[in-house]
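Below is one structure, written out as structure tokens, with a few remarks after it.
Please treat every number below as a calculation from the coordinates, not as lab data. This is a predicted model, so every value here is computed, not measured. Ideal geometry is used to build each Cβ from the backbone, glycine not excepted, and the neighbour counts take in all protein chains shown.
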Amino acid sequence: MYDSTDVMVSHPPHYQSETGLEVITAIEAFTFDLKGIEAVCTGNVLKYICRWKGKNGLQDLEKAKWYLQYLIDHVRKLEEENKKENDKND
């Protein structure tokens, strides 16, 4: 695995918990079975929620909200499409 000598590249403090847990580890754990936009949105929500206090404050919370709403809209659309398809097949 690539590890830069620049800590701000490989292990920036705003992506680490007080115990040393890195956000990328959490993102990997919670997106391993997701694909496409679902993985992207979930990863970004986690990233912005985890770093907001140490980096961009309210702006990061707004970004997390944006990605979460995008994911909600995506999932809602899929559910509606699946319901229409199931109703058509019944």
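For segment 1-66, which GluC sites (Glu not before Pro) are both in a DSSP coil and crowded by at most 13 other Cβ atoms within 10 Å?
Details: sites: E18, E22, E28, E38, E62; in loops: E18.
Those that pass, being in a loop and sparsely packed, are E18.
For D3 and E18 in one chain, what is 0.36 nm times their gap in residues minus the Cα-Cα distance, to one decimal in nm? Intermediate results must be reported in sequence, preceding the final value.
Working: separation 15, 0.36 × 15 = 5.40 nm, distance 2.06 nm.
My answer for the length gained is 3.3 nm.
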Item to complete: Just grab the label-to-label distance for K65 and K77, each label 7 Å out from Cα along the Cβ direction, in nm (one decimal).
Response: 2.2
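Once fully extended, how much extra length lies between L58 and D87, figured as 0.36 nm per residue of separation less the alpha-carbon to alpha-carbon distance?
Details: separation 29, 0.36 × 29 = 10.44 nm, distance 4.29 nm.
Contour length minus Cα-Cα distance gives 6.2 nm.
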Practice prompt. Would you list, by chain and number, the lysines whose Cα falls below 18 Å from the Cα of K47, excluding same-chain residues fewer than 8 positions away?
Written response: K35, K55, K63, K65
Worksheet item: Along the charge dipole of segment 22-89, Cβ charges K/R +1 and D/E -1, which of G57, L68, V45 sits furthest on the positive end?
Response: G57
Fill in: Kyte-Doolittle mean at least 0.0, axial Cα span of 18 Å or more - DSSP H helices of the chain
36-51
Practice prompt. With a/c under 1.5 counting as rounded, go ahead and sort segment 22-89 into rounded, prolate or oblate using the C-alpha gyration tensor (a ≥ b ≥ c being the square roots of the eigenvalues; past the cut-off, prolate if a/b is larger than b/c, else oblate).
Written response: oblate
